[in-house]
Structures are given as C-alpha cells and as structure tokens.
Amino acid sequence: MGFRVHRPREGKWKIIQPKPLPADPDSVNSLVTSLSSVASDRLIEDKAPDLAQYGLNTPNEEVKIRRKDGKMQTLLIGNDTPTGSGTFAKVEGDPRVFTIASYVKSGLDKTSKDLRDRRLLTFNSDKLTRVDLNAKGQTLEFGKNNQNEWQILKPRPLRADGLQVDELVRKLRDAKMDLSGSDEDARKAVAGFSTGARVALATVTDANGNQEVEVRKDKDKNYYARSSAVEGIYKVMSDFGEGLDKSLDDFRNKKLFDFGWNDPTKLEVRNGTVQVTYQKSGDKWMSSSKQMEGSSIQAVVDKLRDLTSTKFLDSGNGAAIIEATITSNDGKRVEKVSIWKAADKYYAKREGEPTVYELDGKAVEDLQKAAGEVKEFQPPKSGKK
C-alpha cells in the first residue's frame, strides 16, 4: 500500500494518505535526503525498448516528488540487478535506464508506519508547567517553584527530587507506540488494554493545554497505552509502564539540605552546647576575626550535604543535639535543620516543614565528629636551617 506525505510552506510534514496522520520529521527528512542524493551508478540503455526485463513496466516502487515550483517528477524503481549490488531505475518520461545503489533503494523502501510520528504525547517539555500522576492508589501533582525547581503539590506540598521528576517527564516525552505488529497484534492490544489492570494515568500541561496517557498491564505483563494526543491503543515498552508505576516516596527529596553543589557562604552550627558561626570572606572561612582551616570546614559542609533520609515520618520532635543553618546561593537560600535522637535512632526536621526525616546513625555521628574537629588556620612555618 502506498502513502503520501505533504508539507505546507514553512509547515510540518504530515501523512495525508492512506489517512491523515502526524509525521515524524526526522524520518521524513531522512527520506527526502535519500531522494535528493539519488545518483546513477551506471547508464544501462539510452533508450530502452523493453522495460519488462528491468521490472520497470510494473515498477516495484514509484516515488512522486512535487517540487516547490509545482513541477512533479516520478522515480520508478524496478528489479535488482543480477549481481544484487544495485537496482534498475528510471525517471518517468525519460527513456534512459540506470542502476542505483542498493542502499538508495533501502532508504526509499518505507511505509507510512515508518514515517509516522510514534510519540504517545506531543507536549513541549521546555514549556511544561504541571505533571499529574495517578499510580499505586495515589494522586500526585508536580509543579515548578519560583526557582524553576520541581515541587510536589499534591497530596500536599513537599520537596521533590528534581532528578526523579525529570526522569518521569523524560519517560512521558519519549514514550512511543509499537507499530511493528500486524493487524492481529493491534486487536490484541485493544483486548489487552480493555481487560488489563490500570498501572498509571498521567497528565501533562504545557502552553497548549493538557494531554493524558493511561497505561494498563495484562496478565502476561504486557503494557498497553491509550493517549489523548493520538487515536488508538498501542503496546508500549515495559520500561515505560514501570517508569510510571511509582509512589509518592519515589519522588520525594531524601536529601536534608537543598544547597547541593553550591558553595555555602555562611555556616552556623550548634553541636551539643558549642555554638559557632563561620563566614566566607573571599576564599577564606572566618570565625569572628579568626581564619579557620578551610578543609576542616569543608568536611562539615560535605557531611551536611550527604545527610539523606532513610524513612519519612509525618510528625515527631525532640530536643536538638545538632542545629545547622546554611546560607548559600549568594544569600538567597537559607536552610536550617534540627537533629535529635530518640532511643537509638536519629531524626531531623527542616525549619518551617512538618516532615520528619529519619537519618542514618553513622552519618550523624560522623557529622558531630567533623564539627568538633574544625580548627583555626595555621600558616606554614618558615625558618632558616
């Protein structure tokens, strides 16, 4: 079955036959490149009286090209040469017969499926403003804050792990329908979706509005999807289905501090009864008028940066054994954390947030040790021998 693709002036490629469908621009451009680079390997005849011997009386393929000036040209592709290294071809209206390289024929041997835009969702990830995910019995909503960072908005405002949300967006952006199957496979996809268990329902919102995709899994662990952006139900990769089958905790930020790899400019630490403040001045760390050993301060910063929750709790409190306040991002970000111990476990809270973070005990003890080992800078000794 043939197909036809069309591109209006300065517009996007579209498949218009056998039925209107969006086209994949990369695939169509590759086809156009193959056409533009068609060159004869060898002239067989200047004026061939019998085209049947070349398979050109009823060509295997006909490629019609309408140029910008409105003129139409048709390339006819016939049989392979006896050696199999090339293919007979001619331009309609031209009596000459040529051979073209086999790879040229392969580059033109496409179906509408090959050229179709296979994306399940067509949103602009750069303009994305919200992502909703209903999975594992939970409804999650993600949005961007004023710093263009992902935050969890539902079921309640929470810090999000930006990398995990970005990975979710990537899965949605790159999700493609499987068009390699037969008509029977297409019917199986419809049946598998109708009887399958819902894995997830995801909705994305960009400047053009909402698009949603529902994913289901059948008893044989095949995944199928239905999208609002394209017609039909399709089998999809298991990696896509598994990527959406996530819970709230999978997207929560487990790091206690948000400063990441930004260099702090101020550090306030209360370790037990000892309260100290360190301020960055140029490339030096100062405590009042004293210069401190930079590597010893950096050790404390590294320990704070590495503090990671092993479990989330909705409530809890205790007498702080460590309090740390870090100022970063040129003073625009101030984070304060309190850490306490209950029985043999350590817990922490960020100022202004109800979430309690359970921490690894050794990580807290290493922080206490590093905080107690901060020392004053000692200039190198010099002297005559």
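The values are calculated or read from the model by the stated rules, or taken from the named source; none is laboratory data. Model, not experiment: these values are computed from the prediction. When we count neighbours, we look across all protein chains shown, and the Cβ atoms used for this are built from the backbone with ideal geometry, even at glycine. Areas reflect the complete protein model, heavy atoms only, side chains present, ligands, DNA and RNA absent. Shrake-Rupley method; radii C 1.70, N 1.55, O 1.52, S 1.80 Å.
Quick notes on this one:
- Only one entry in Thr58, Thr87, Thr122, Thr99 is farther than 30 Å from Ser182 by Cα and of a type in the set (S, T, N, Q), namely Thr99.
- Some residue of the stretch 344-356 being part of a loop (DSSP other than H, G, I, E, B) and open to solvent by less than 20 Å² (accessible area, probe 1.4 Å): yes
- From the list Ser296, Ser338, the lone residue that is in contact (Cβ under 8 Å) with a residue 60 or more places away in the chain and of a type outside the set (A, V, I, L, M, F, W, C) is Ser296.
- The stretch 304-342 - residue that is closer than 12 Å to Lys266 by Cβ and in contact with a Gly (Cβ under 9 Å, 6 or more places away or on another chain) and, of those, surrounded by the fewest Cβ atoms within 10 Å (Cβ to Cβ): Lys336
- Within the stretch 132-153, the only residue that satisfies the criterion of being of a type in the set (Asp, Glu) and either out of contact with any strand residue (DSSP E or B) (no Cβ under 6 Å at 6 or more places or on another chain) or open to solvent by 60 Å² or more (accessible area, probe 1.4 Å) (or both) is Glu149.
- Only one of the numbered conditions (1) out of contact with any Gly (no Cβ under 9 Å at 6 or more places or on another chain); (2) open to solvent by 70 Å² or more (accessible area, probe 1.4 Å); (3) at pLDDT 95 or above is violated by Gly241, and that is (2).
- Here Glu365 does not qualify as more than 23 Å from Asp161 (Cβ to Cβ), assigned to a strand (DSSP E or B) and open to solvent by 30 Å² or more (accessible area, probe 1.4 Å).
- Residue in the stretch 190-199 that is modelled with pLDDT of 95 or more, under 22 Å from the mean Cα position of the chain (by Cα) and either over 30 Å from Leu256 (Cα atoms) or open to solvent by 60 Å² or more (accessible area, probe 1.4 Å) (or both) present: yes
- Taking the criterion of being at pLDDT below 95, polar (S, T, N, Q) and either in a strand (DSSP E or B) or more than 27 Å from Arg156 (Cβ to Cβ) (or both), the only residue of the stretch 299-330 that qualifies is Ser328.
- The single condition from (1) surrounded by 17 or more Cβ atoms within 10 Å (Cβ to Cβ); (2) farther than 30 Å from Asp249 by Cα that Val274 fails is (1).
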